[in-house]
Ligand code: SF4
Ligand code: SF4
């Protein structure tokens, strides 16, 4: 059972507490247990986490992955992802000997949100657009974590604002939409071998994209470039799936729909993706 299914089951069983925006819970980190949570934390990085961490350390994402992370492939979906290295075998590489996080201002989304979890479901509508539904819940913390014993009370809204999670959630959702599209287009059925170079480039290599295609930060800031990369990946997936005879089944009259309109004279895929990076919308 995947973690998403486990979350659904626990929410249904009531063993995880669902949180609405104004629901309250106690939490504060304690000096006595500082850093225990980071000793065996298995941290999967969103593409946005990866680039923020790399920039924070003055590295490009390739060097960051070489030094601190590893690239893996989800067995069921064949989707590539990055996780912090060695966290299952020992302390996180960013935990210092006082139990503090050395990358605290750049820490990943899951570290920020803890002890709050978030599950997003994506439903593809007839118009080829995603419909998103987010559920928030309180994770069951281990007994070694003294956070829930605090008298400091937060609402969910206060917690997510104070930990600056909301922008990270937005970026995570943009990536989730791409991943969901890959699932809907049955990427795992038609893709074989290592992930496509363009998929890896657009998911994980913003520095290389800027370098290769001459896109400066002054022209397109990091958030906007990320958004455009995810949009370009929707085009990539839709195009590649169509070449293998797979389409997004949205139930519309044509029986086949694309997340982006590929009608008309289709120029070279990379040129289309580049036009999205430059902020030019493909002609429909
Ligand atoms: S309270 Fe929990 S999350 Fe905070 S430092 Fe202690 S173990 Fe980590
Ligand atoms: S990145 Fe920081 S907060 Fe996250 S597990 Fe590592 S040390 Fe802990």
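Bear in mind that the values in this text are calculations on the coordinates, not laboratory data. This structure is a prediction, so every number in the text was calculated from the model and none was measured. Using ideal geometry, Cβ is built from the backbone for each residue, glycine included, and neighbour counts are taken over all protein chains shown.
Overview of results
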| quantity | calculated |
| --- | --- |
| Cβ-based exposure ranking for 61, 121, in which fewest neighbours within 10 Å come first | 121, 61 |
| Fewest-first sequence of 247, 236 by Cβ atoms within 10 Å of each Cβ | 247, 236 |
| Ranked 215, 276, criterion: other C-beta atoms within 10 Å, fewest first | 215, 276 |
| Alpha-carbon centroids, the stretch 48-99 and the stretch 1-40: separation in whole Å | 22 |
| Relative contact order (percent, whole number), the chain, Cα cutoff 8 Å, 6+ residue spacing | 21 |
| Cα gyration tensor shape of the stretch 66-205, rounded if a/c is under 1.5, else prolate or oblate by comparing a/b with b/c | oblate |
| Cα gyration tensor shape for the chain, rounded if a/c is under 1.5, else prolate or oblate | prolate |
